[in-house]
Amino acid sequence: MLVEDSIVVRRRLREILDDIQQFHIIGEFDAAQDAIAAIDAQAPDILLLDIKLRIGNGIEVLRHVRRQAPAAKVIVFSQHDDAGYREQFEQAGAQYFFNKTHETGKLVATLSQLAAG
Amino acid sequence: MHGVDADRSAMTTLAEDLKRFPLLCSLVVLLAALMLCADLLQMKYVFHQSVFVPLHTGMHVFSLVVAWLVFAIGWNTHDPQRAGSVTLLACGFLGVALIDFGHALSYAGMPEFVTPSSPEKSINFSLVSRLLAALALLAIAFVPRKPLPAPAVRYAYLATTLALVALAYWVVLFHPEALPVMYVPGTGLTPFKVAAEYVLAALHVAGAVGFYWQLRAAHSSNAAYLLAASIVMAFSQALNALYAHPYDIHNFLSHVYRVVGYVLIYRGIFISEMREPYKVAERLQTELRASATRLREMSARMQQDVEEERKRISQSLHDEMGQNLTALQLDAGWIRRHCDGQPVILGVVDRMQQSIEESASSMRRIVADMRPRVLDDLGITAAIKALAKDVSARTGMEVAFIPQGELDGIEDNIKTGLYRMLQECLTNVSRHAQAKSVHIRLVADDREIEMRVVDDGRGFAPEAQRKHGSFGLFGLDERATLLGGSALVESAPGAGTRITVRLPLQVSRGAASA
């Protein structure tokens, strides 16, 4: 599941996931409430999550998914990588936290690994 | 607009002007009526010497005191910007006081004063003193209210006055024969003396006209007092022309009127020279206070506007530019994955990715400086942690942060203010203090929040802070004051610096933000 407010970034992420071929995207959302509703309907295996959303905040989605789908892997992909954010999201149960400009390579590598695993 | 005002002021009638000063008008009317009664009833009452002489002396002592007061106030309140005519009046009244002294001591019935006392001798002194008084009033009525050309000129006025007084004493005491005869015992006043009194009365009437103009032009109460004084003094001169005996009722009234006239002059001078400046100072002080308040409010509003604007700019920079840089970076990654084994293209992609990362870094720095997102998203504690880490990384100082109490959920302006003040403190420490470590402590209770920033740097003398207004610490105090709090800076050379900021928390605080 893709939760990301920027259309341009969402399109790139979709292309990367299509490239890797192992993934099926069950939904793309740019607002926290829509994503939360979709999680209730169908728990994702992997959640690719941005912090800033069109409406709401990535942390709400993360807390929800931890309750509803504890097994889901959560990858936070955000421009905010101040210590505060990283700490807060890791504490809330995100497995991965990648900066949107410095760590795109790591993101792709992690996605490939998850696909292989 | 100006024309209309001018018309309106021209339309104010004499009656309207008189209504503005009811007490002065009643006094003048009363004295005029009294004088007319004395004249119409042809009062011929003559006081006994034992009654008149003490009364006369008493009135003169009083006049002398008032004349001295006019001099003392006019002379001692001197200021180079003020009208020179006030100094002229002051000097004139010094002459009046000194010569009146001779008059009082020479009155018929008084013991010998250098030469034997006589009506003639006292009339001579009296005429000179009243001439001086009339001329001094004329001066203030007609000489344009301009400052003296040079400060030394007032000493020239003083010297001239003293010289005139000395001359008057010398002629009256030692050469009375050089003066016209004023009084013939048994017959009364000579025509010369009567004419002289009417000339003096005319001088006062002229002065009254001048003061009336001043009153119309400036509506000043000082001119009203001087106008009333001139009229009463003119009455006094007329009464002086009418008396037949040194102890008669006309001469008595003439002296009473003169005392009243002097008191009015004193009041006029007192108002213009003592009271008005205080009133002006008071008004200026009120205006100054009001403008300081306005400035402070404006400054607060400006700071808020700047903060809003920064928030808006940094948000759009971060969101729009940031997403595009991410898209570019992902595209570069795509090329990299699809051009495996093509070293030339991969070299270009490397360069591209490096540029993108540098752009992203500088954008993030700009955004963080403008308005740290973490402050809005995660609250003050997280924002200060991030700032401490950043400063520590940039400067090599150890920056420790100890938060105490419930710190998140404080009002936005307080949060922003504290963050900005801390930024200012840390900038100062890194620029000037040469410190190894900085400790930041943030404590809040229900009513206030206190931030303390302590460094182990070289410190400074308090005078240095005052002298330069520097170290950006003035801004700290200003910001704290605007938020209703205070900032205290304690430092000494070699002993580091401790800054304590206290801000009140007004709104009851909600839950911590996400």
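Restricting attention to the stretch B:74-91, the residues that are part of a helix (DSSP H, G or I) and open to solvent by 10 Å² or more (accessible area, probe 1.4 Å) total 3.
So that you can scan it fast, the table gives a plain yes or no per residue for (1) within 11 Å of chain B (Cβ to nearest Cβ); (2) polar (S, T, N, Q):
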| site | (1), (2) |
| --- | --- |
| A:1 | no, no |
| A:23 | no, no |
| A:45 | no, no |
| A:51 | yes, no |
| A:74 | no, no |
| A:79 | yes, yes |
| A:89 | yes, no |
| A:92 | yes, no |
| A:112 | yes, yes |
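The sole residue among B:424, B:411, B:357 that is of a type in the set (D, E, K, R) and either at pLDDT 90 or above or more than 21 Å from residue B:308 (Cβ to Cβ) (or both) is B:357. Considering the stretch B:92-143, the residues that are touching a helix residue (DSSP H, G or I) at 6+ places or on another chain (Cβ under 8 Å) and assigned to a loop (DSSP other than H, G, I, E, B) include one that is surrounded by the fewest Cβ atoms within 10 Å (Cβ to Cβ), namely B:114.
What are the residues in the stretch A:99-108 that are more than 9 Å from chain B (Cβ to nearest Cβ) and outside any loop (DSSP other than H, G, I, E, B), if any?
A:106
Inspect all residues belonging to the stretch B:319-338 and state whether any of them is open to solvent by 20 Å² or more (accessible area, probe 1.4 Å), farther than 18 Å from residue A:11 by Cβ and more than 10 Å from chain A (Cβ to nearest Cβ). Checking the stretch B:319-338: not a single residue is open to solvent by 20 Å² or more (accessible area, probe 1.4 Å), farther than 18 Å from residue A:11 by Cβ and more than 10 Å from chain A (Cβ to nearest Cβ).
Okay, residues lined up against (1) among the small types (Gly, Ala, Ser); (2) touching a residue at least 12 places away in the same chain (Cβ under 8 Å); (3) within 15 Å of residue B:110 (Cβ to Cβ):
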residue: B:33; (1), (2), (3): yes, no, no
residue: B:48; (1), (2), (3): no, yes, no
residue: B:58; (1), (2), (3): yes, no, yes
residue: B:67; (1), (2), (3): yes, yes, no
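Does residue B:108 satisfy the criteria of being within 42 Å of the chain's Cα centre (by Cα) and within 22 Å of residue B:236 (Cα to Cα)?
On the way: within 42 Å of the chain's Cα centre (by Cα): no; within 22 Å of residue B:236 (Cα to Cα): yes.
The answer is no for residue B:108.
Condition check: hydroxyl-bearing (Ser, Thr, Tyr) and crowded, with 17+ Cβ neighbours inside 10 Å. Does residue B:272 satisfy that? The answer is yes for residue B:272.
Tell me, which residue of the stretch B:294-309 that is surrounded by fewer than 16 Cβ atoms within 10 Å (Cβ to Cβ) and in contact (Cβ under 8 Å) with a residue 40 or more places away in the chain is nearest to the other protein chains (Cβ to nearest Cβ)? Working first, answer last.
Here is the first cut: in the stretch B:294-309, the ones surrounded by fewer than 16 Cβ atoms within 10 Å (Cβ to Cβ) are B:294-299, B:301-302, B:304-306, B:308-309.
From what's left, in contact (Cβ under 8 Å) with a residue 40 or more places away in the chain: B:296, B:299, B:304.
Numbers: B:296: 34, B:299: 30, B:304: 24 Å.
Ranking the candidates gives B:304 first.
Identify, from the list B:246, B:191, B:147, the residue that is surrounded by fewer than 13 Cβ atoms within 10 Å (Cβ to Cβ), of a type outside the set (D, E, K, R) and either farther than 19 Å from residue B:22 by Cα or out of contact with any Leu (no Cβ under 6 Å at 6 or more places or on another chain) (or both).
On the way: B:246 fails: surrounded by fewer than 13 Cβ atoms within 10 Å (Cβ to Cβ); B:147 fails: surrounded by fewer than 13 Cβ atoms within 10 Å (Cβ to Cβ).
None of the others qualify; the one that does is B:191.
In the stretch B:206-232, the qualifying residues are those that are closer than 20 Å to residue B:263 by Cβ and β-branched (Val, Ile, Thr), and the one that is most open to solvent (accessible area, probe 1.4 Å) is B:231. Return yes or no: is residue B:346 touching a helix residue (DSSP H, G or I) at 6+ places or on another chain (Cβ under 8 Å), more than 7 Å from chain A (Cβ to nearest Cβ) and open to solvent by 60 Å² or more (accessible area, probe 1.4 Å)? So residue B:346 fails the test.
The values are calculated or read from the model by the stated rules, or taken from the named source; none is laboratory data. Predicted model, so just to flag it, every value in this text is computed and none were measured. So basically every Cβ, Gly included, is an ideal-geometry build from the backbone, and we count neighbours across all protein chains shown. The area values use the complete protein model at the heavy-atom level, side chains included, leaving out ligands, DNA and RNA. Shrake-Rupley method; radii C 1.70, N 1.55, O 1.52, S 1.80 Å.
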